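Each remark here refers to the structure printed beneath this line.
Every read-out reported here was derived from the displayed coordinates using simple, explicitly stated rules and does not represent laboratory data. Note that the structure is predicted; figures quoted are calculated from it, not measured. With ideal geometry, Cβ positions are generated from the backbone for all residues, glycine too; neighbour counts draw on all protein chains shown.
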Amino acid sequence: MQTLDRKVVRDAWRLAPQLGAVAAVMACGVAILVMSWSMLVSLDATQREYAAEARFADVFVHLKRAPEIVGRRLAAVPGIDRLETRVVRDVTLDLGGSADRRMPAVGRLISLSDEADDGLNRLTLLRGRLPDPLEPAETIVSEGFATAHGLGPGDHVFAVLNGRRTRLDLVGVATSPEYVYTIGPGGPFPDDRSFGVFWMGRRGLAAAFDMADAFNDVVATLAPGASLRDVCRALDGELGRYGGLGAYGREFQTSHRYLTNELRELRNMSRVGPVVFLLVTTILMHLVVSRLVGTQREQIATLAAFGLTPREIGAHYVKLALVVLASGAAVGVPLGWWLGGNLAAMYSRFFRFPTLAFRIDPWAVGGSIAVASVAALAGVVQAVGRAVRIRPAAAMQPEPPAVYRPSLPERLGFAGLLAPTTRMMLRHLERRWLGSALSVFGIALGVAVMVLGMFVGDAVQHLANVQFTEVQRFDRSVTLAEPAGRPVIPELARLPGVVAVESFRVVPATLRCGSRERRQEIMAPASGGELFRILDDRGRVHEPRRDGLVVSARLAELLGARRGDAIEVDVLEGRRPRVSLRLAGTVDDLVGTSAWLHADALAAILEERHAVSGALLAIDEARAGELDAALADSPRVAGFVSRDLQLRTFRETIARTLLRMRAVNTLFAVVIACGVVVTTARQSVIERSRDLASLRVLGFTRREVAAILVGEQAMLTVAAVPPGLLLGYAFVVVTTWGYDTDLFRVPAVVHPRTYAISAGTVLAASLLAAVMIRVLLDRLDLVAVLKARD
Amino acid sequence: MSLPAFTARGLTRIYRLGEVEVAALTGVDLDLDRGEFVVILGPSGSGKSTLLNILGALDAPTAGSLVFQDHDLTTADDAARTAYRRDHVGFVFQFYNLLPALTAVENVAVVADIARAPMPPAEALGLVGLADRADHFPAQLSGGEQQRVAVARAIVKRPEVLLCDEPTGALDVKTGVIVLEALVRVSADIGATTVLITHNAGIAAIADRVLIMSDGRIAGERANAVRAAPRDLHW
């Protein structure tokens, strides 16, 4: 080690608290980068590898019923590599428990081909075995449902198959590439307690649903170079008359879409967060090193006088940045690794891969260190420039007193109102305006990151409130196995505990505008209904129209349609009419995409007299168990959803996860806030020690002297809070753009409490800094400080 | 006869630097009368700065006693020492130690604000001949002017004690003389006991009494029958 390097070590040691604070902020940035980039790589690789390994299908289509012979024709469609027909049915499950506490749950039964270990969407068995084709009751259950209910091989559940209560014997637990992310009919959040997937032998399932030699679902892979669009068109042509609901590619497959969406959000996260942290790193580095160069002016001049080149002098200060970089990376990389492991564990609760291992990506580590280096070096570049311009002659003369002038309030004529100490504070802050501005900006970023971190909770709470209390005001949503006539309404009303019934009609359709098209159900709620409302993001209620479709703004955007445009609608049910409807209005709603039409208008299109697809029920909670049992036993009911259960699951899974993420974000924000506040406070103590020692000698008490610095700190903090809150809101808005998908939109809703906590945390950090200032000043050696020339 | 301003007995100050002990003062006995102007001479390391720091309650003796009027400074805690400086002592430093963010008059006012019966800051500046530079910042003043502001700041509270640490050390002769004239005049005006330390023997003639320090003790003492005027000094 060269002698000059010892000075680097000693300077670093002397400035350890400040440099430590800078390194801590940098470590957070590095950790987020390592975590999100590595997670991105891990998740992306896992998704691709799993899809390839399990032969995840490229094309999907559901239909009403077609004879098996059609399946053979479909397999011959040009562009199809391999095609499988299946029987898929949603049924209500009976999970046991006493009659008044039966939990409503929906099971999706999927037939397994006889060569299940060689087919498409191949299952990965986690426990147990595949069903014996000769044993119709043997069933495999999806991992999420099994975990949520503590089920495993040897257990059984009951399901209502075509009106018959049937026992399903569980022989295995598995994952499927089709249900990595499991969303039930209730959507849009995963709910492993009330939705599960069950795979069983084709024969048993077909027999139960009268589907012998028939199928109602098709999955296929494409031959290399085949056109998805052409294949879908060919499949739709063949299956139209069999009630085909429209073929679609992987891109629209629910699980795949959610996963892709999550990858996009991760990518988003890997951009915004680290930028903020590394920006703060640059600011703090600048504050610390520029002041250091200021105080070491004579030392630098002396070194120059002894013949050190500007390059050697510059390198000396660059090494300080490298010390911070090394410390930041030494903490940040393992922290990112650890956070990534936690994130992977969290993901594996929602994304059911056979294994989701967090693999630290060497490129992510290298990349994050490279980005952090840029941030650290950017912080010292100006100070190094100043250091290399100091001439040797400066060593021979004392530095002239700093040049001050009256501050702005004094120039505006308020001088008389200000005590000398207040003038000192204002003039000092104004003279070091760049440092003051950077401190304010740094503290404001701390506030902003805090707002951003906490906003996620607010937004999800808002989303849940809107969805579960304002939009869905029903207690149970019942889907019928087949559309029925109006008499079903009084039937449902007679069930135990039902207080109100509102029917709805929903039909699958393809909407087309110009060259763009999209599969979309058209929903007609009961006219004048109270249990379901169409709400926009500002809480305004919209009504379905007779004169055209009202659609989610997001759907209109996807179709490239504007109000008044004609939308071609292919209804994929019944007579499969094709009509042209006007786009009558759009709604900025929050969840999924929807298209609504007045019930009378839809009935007219379908040429039916108010058929019913399902009903929304308001119930007497005291009789909920009885009702659920009755619904589960009803052969007309394909499934039903309990809003309370959805909400509870939502709170216990998504909300808890988000709260944990919020805790991490908040911790990071506290690091920024403390980092900036502590660094500026320590810097000002060093910078002003001579002035403050003079005041102490002149008879000022410790408290009076501390008040000057604390006052300056308070001014900076108070000045930083309002722009910090505004900046936080701006971050929130930018972040919501990243979440603006067709699955859900995150509203830029920030609870006043979030603002209060964010501001409060930074003010608390300032208080901490005030205590630190006081401690440092108490340690000030008056005699030594006054003897030193600067 | 009135009580002396200071009575010191056996003042000892030992600094511990790691394993080594350095005795900066070794049993100093000293009486200073009220209104007396004392110059302490001595080479570097003779202990004069340590003595001044202890008289100003910036430092505490390791052994011995020091009484200012009726205040026992030996046992005073930090708050009492701060109060002592605030109420009774004015300091003038070699490197001025002005607050660069405050103008000349504000540098004086900052002390006046916490004093019990100060003179108006402008008057203090007038006493050192800087009434017309009141609104200048330190960066706009020459070294001599800065030191005169420091003198004004020291005397604005009408202190009973004026402690000056090499007040001319950073100044040329001509400027040093101007500063000393201001010091001598105003210390007489307010009747302060003044202690000035310097290694410049040429200054000693302006004192009532001269103490010579060496190796941490008072090695010699003499009284000037007639005090010289600063303008007659040469060094």
As a test of the formula, what do you get for the protein assembly as shown when each DSSP H run with n ≥ 4 contributes -39,500 (n - 2.57) and the sum is divided by the residue count, at 222 nm and rounded to the nearest 500 deg cm²/dmol? -15500 deg cm²/dmol
In region A:604-639, the GluC sites (Glu not before Pro) that sit in a DSSP loop and have at most 16 other Cβ atoms within 10 Å of their own Cβ are A:607, A:608
DSSP bridge pairs, the protein assembly as shown: antiparallel proportion in percent, nearest 5: 75 percent
Could you calculate the FRET efficiency of residue A:162 with residue A:4 from 1/(1 + (r/R0)^6), where r is the beta carbon distance between them and R0 is 51 Å, rounded to 0.05? 0.05
May I ask which residue of A:163, A:752, A:95 lies farthest towards the positive end of the charge dipole of chain A, with charges of +1 (Lys, Arg) and -1 (Asp, Glu) on Cβ and the Cα centre as origin? A:752
At residue A:371 and residue A:659, where each label point lies 7 Å from the Cα along Cα→Cβ, what is the point-to-point distance in nanometres? 3.0 nm
Indicate, rounded to the nearest 5 percent, the antiparallel portion of the DSSP beta bridges found entirely in region A:57-256. 75 percent
Percent of all Cα-Cα pairs per 10 Å bin for region A:342-486, counting from 0 up to the last occupied bin, reads 7, 13, 20, 19, 14, 13, 8, 4, 2, 1, 0
Under 15 Å Cα-Cα from residue B:174, which aspartates and glutamates qualify once same-chain neighbours fewer than 8 residues away are excluded? B:145, B:232
Across the residues of B:47-60, average count of Cβ atoms on other protein chains within 10 Å? 2
Taking the Cα centre of region A:498-619 as the origin and placing charges on Cβ (Lys, Arg +1; Asp, Glu -1), which of A:527, A:601, A:556 is farthest toward the positive end of the dipole? A:556
Place a point 7 Å from the Cα of residue B:62 in the direction of its beta carbon; the residues of region B:176-219 whose amide N falls under 18 Å from it are B:214-218
Euclidean distance between Cα centres, region A:406-455 to region A:265-314, Å: 22 Å
Just check region A:498-619 against the gyration tensor rule for me: Cα atoms, a ≥ b ≥ c as the square roots of the eigenvalues, rounded for a/c under 1.5, and otherwise prolate or oblate depending on whether a/b exceeds b/c. oblate
Straight-line reach from residue A:7: which lysines fall under 23 Å, measuring Cα to Cα and dropping same-chain residues less than 8 apart? A:319, A:787
With a 10 Å radius around each residue's Cβ, average the other Cβ atoms per peptide and rank B:141-151, A:217-227, A:684-694, highest first. B:141-151, A:684-694, A:217-227
Treat each spin label as a single point 7 Å out from the Cα along the C-beta direction, and report the residue A:417 to residue A:330 distance in nm. 5.1 nm
Restricting to bridges with both residues inside region B:6-232, how much of the DSSP beta-bridge set is antiparallel, in percent to the nearest 5? 55 percent
Peptide B:107-115 - average C-beta neighbours from other chains (10 Å radius): 4
Once you have the alpha carbon radius of gyration of region A:666-765, what is it after dividing by 2.2 N^0.38 Å, with N set to its residue count? 1.51
Can you list the aspartates and glutamates whose alpha carbon sits under 17 Å from that of residue B:157, skipping same-chain ones fewer than 8 residues off? B:87, B:106, B:113, B:123, B:189
Please go through region B:2-102 and write out the GluC sites (Glu not before Pro) that DSSP classes as loop and that have at most 10 other C-beta atoms within 10 Å. B:19
Helix check for chain A. Which DSSP H runs span at least 18 Å along their own axis by Cα, with a mean Kyte-Doolittle hydropathy no less than 0.5? A:16-53, A:310-350, A:362-389, A:433-465, A:656-697, A:702-738, A:752-778
Give, rounded to the nearest 20 debye, the magnitude of the charge dipole that region A:282-423 has about its Cα centre when Lys and Arg contribute +1 at Cβ and Asp and Glu contribute -1 at Cβ. 200 debye
For peptide B:76-84, what's the mean number of Cβ atoms from other chains within 10 Å of each residue's Cβ? 2
Using a Förster radius of 41 Å, what is the FRET efficiency between residue B:139 and residue A:267 based on their Cβ-Cβ separation? Nearest 0.05, please. 0.20
Modelled label reach - residue A:213, point 7 Å along Cα→Cβ, region A:54-78 residues with backbone N closer than 11 Å: A:67-69
Can you figure out the FRET efficiency of residue A:65 with residue A:540, using R₀ = 45 Å and their beta-carbon distance, to the nearest 0.05? 0.60
Can you pull a Stokes-Einstein diffusion coefficient for the protein assembly as shown at 10 °C (1.306 mPa s), Rh from Kirkwood over Cα pairs, as a whole number of µm²/s? 45 µm²/s
Please work out how much length the chain gains when fully extended from residue A:533 to residue A:603, using 0.36 nm per residue of separation minus the C-alpha to C-alpha distance, in nm with one decimal. 23.2 nm
With a point put 7 Å past each Cα toward its Cβ, work out how far residue A:155 is from residue A:636 in nm, to one decimal. 3.3 nm
For the protein assembly as shown, the dipole about the Cα centre with charges only on Cβ (Lys and Arg +1, Asp and Glu -1), to the nearest 20 debye, works out at 1300 debye
Give me the Kirkwood hydrodynamic radius of chain B in Å, from all C-alpha pairs, to one decimal place? 18.0 Å
